[in-house]
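Below is one structure; the comments refer to it alone.
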Amino acid sequence: MKQEINIAFTLYEHMLFTSVTLPAEMLRAGEAYAKRYLGEKFIPLKLNWLAQHEQSVENNLGMQLSPNGDLTKLAQQDYVIVPSIWRNPRPVVRKNNDIAKQLFITWQQGGTLIGVGTGVCFLAESGLLNTHPATTHWHYAKQFQRDYPQVVLKPDFFITQSERLYTVASLNALADVIVHLISQLYGPAAANHVQQNFSHEIRKPYEEQRYLEGAVDKHPDEQIAAIQFWMKHNFANEITLAEVAQQFDMSYRTFNRRFKAATGQTAADYLQVLRLESAKELLANSNLSLQDIAVSVGFNAQGLLTRIFKTRLQQTPSEYRKIVRKKLFS
């Protein structure tokens, strides 16, 4: 088992400190929650602060961040977050040209890169974004397009994802990506805990906001993609997975094997998440009883709805409704 998860932040003058401190605090909160519940499966985070020169980086508020290593350590990272830049990014990018080179090496070694606002320029400089989608701070979108014409700019999206390359246009979008990352590292309960504690508003799930390169259900199995599309429009009905397999002319065993191979999760988990997300929306935006919500999303019984909420989110539907209603209407 992996001993620790390495997450680095690149530091440089004129960076937006909030695009470093906010994700770092969110990650630590997710880690602390997971440590209480995951037991032997828990893997700690190692946060690293890497700069071209190992000197404290200051901002005009009188605050400092101190690196604990130089940019050559980027290649050892599992994830790298590249913070946004105050005002015009061009001078900062020119002065810190080693960052782009090291980001390219990091990606080649299997690392995941997250560019924030105008910090996306460093990813673009590396060439990794060529022919791929990206977004950036709205004020510099036209300049970005002129400087990096080979990048497929998506200015109408706050988040883009191209496999292990993420770009975000704002701090709120960064928070959503970090919640998504925590879900991947520690599960949906930890992600839900962090989102509830750091976000005063209710936001759409990460999957509904991003521009994902290659379409929504990106994998080569077209028949499984068609099944996913069908399930998204029929999850509330009384269906069994055996019936779904039969409808698409597959044996149940082949259906389960191909679904897991294509999506990385079982068909049962996929269906359960579809129903859970719909239930969360109804809890937040309707006055339906828990039993009515359970039936309307396909769970059929309030007890099953409650059991799945406790298993996945570590809270009851009533507790979830209370929290989100307080956020929505206070």
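The values are calculated or read from the model by the stated rules, or taken from the named source; none is laboratory data. Just so it is clear, the structure is predicted and the values come from calculations on it, not from any experiment. Cβ atoms come from the backbone with ideal geometry, glycine included; neighbour counts cover every protein chain shown. Surface accessibility is based on the protein's heavy atoms, side chains included, excluding ligands, DNA and RNA. Shrake-Rupley method; radii C 1.70, N 1.55, O 1.52, S 1.80 Å.
Applying 1/(1 + (r/R0)^6) with R0 = 51 Å to the Cβ-Cβ distance of Thr266 and Asn97 gives a FRET efficiency near 0.65. Could you work out the Rg to Rh ratio of segment 1-130, with Rh taken as the Kirkwood radius (inverse of the mean 1/r over all Cα pairs)? Dividing the radius of gyration by the Kirkwood radius yields 0.98.
The sum of -39500 (n - 2.57) across all DSSP H runs of n ≥ 4, divided by the residue count of the chain, sets its helix-only mean residue ellipticity at 222 nm to -15500 deg cm²/dmol. When the surface is traced with a 1.4 Å probe over the full set of protein chains, Phe158 keeps roughly 120 Å² accessible.
Inter-label distance, Ser251 to Lys232: 3.0 nm, where each label sits 7 Å from its Cα along the C-beta direction.
Decide, for the chain, between rounded, prolate and oblate: order the square roots of the alpha carbon gyration tensor eigenvalues as a ≥ b ≥ c, take rounded if a/c falls under 1.5, and otherwise choose prolate if a/b is larger than b/c, else oblate. The shape class here is prolate.
Computed over every Cα-Cα pair of segment 222-328 and binned at 10 Å starting from 0, the pair-distance distribution P(r) comes out as 14, 43, 28, 13, 2 percent.
Projecting label points 7 angstrom from Cα along Cα→Cβ for Asn68 and Gln145 puts them 4.2 nm apart.
In the full protein context, segment 1-158 carries 51 Å² of accessible surface per residue, based on a 1.4 Å probe and ignoring ligands, DNA and RNA. Using 0.36 nm per residue and subtracting the Cα-Cα separation, the extra length available between Asn60 and Arg164 on full extension is 34.1 nm.
Surface composition of the chain: carbon plus sulfur atoms hold 50% of the accessible area, using a 1.4 angstrom probe and ignoring ligands, DNA and RNA. Computed over protein heavy atoms with a 1.4 Å probe, the accessible surface of segment 222-328 works out to 55 Å² per residue. The trypsin sites (Lys or Arg not before Pro) of segment 1-42 that DSSP puts in a loop, and whose beta carbon has at most 16 other beta carbons within 10 Å, are Lys2. Remark: for residue pairs Lys260/Lys280; Lys35/Lys322; Lys2/Lys41; Lys2/Lys46; Lys95/Lys154; Lys41/Lys73, the C-alpha separation exceeds 18 Å in Lys260/Lys280; Lys35/Lys322; Lys95/Lys154; Lys41/Lys73.
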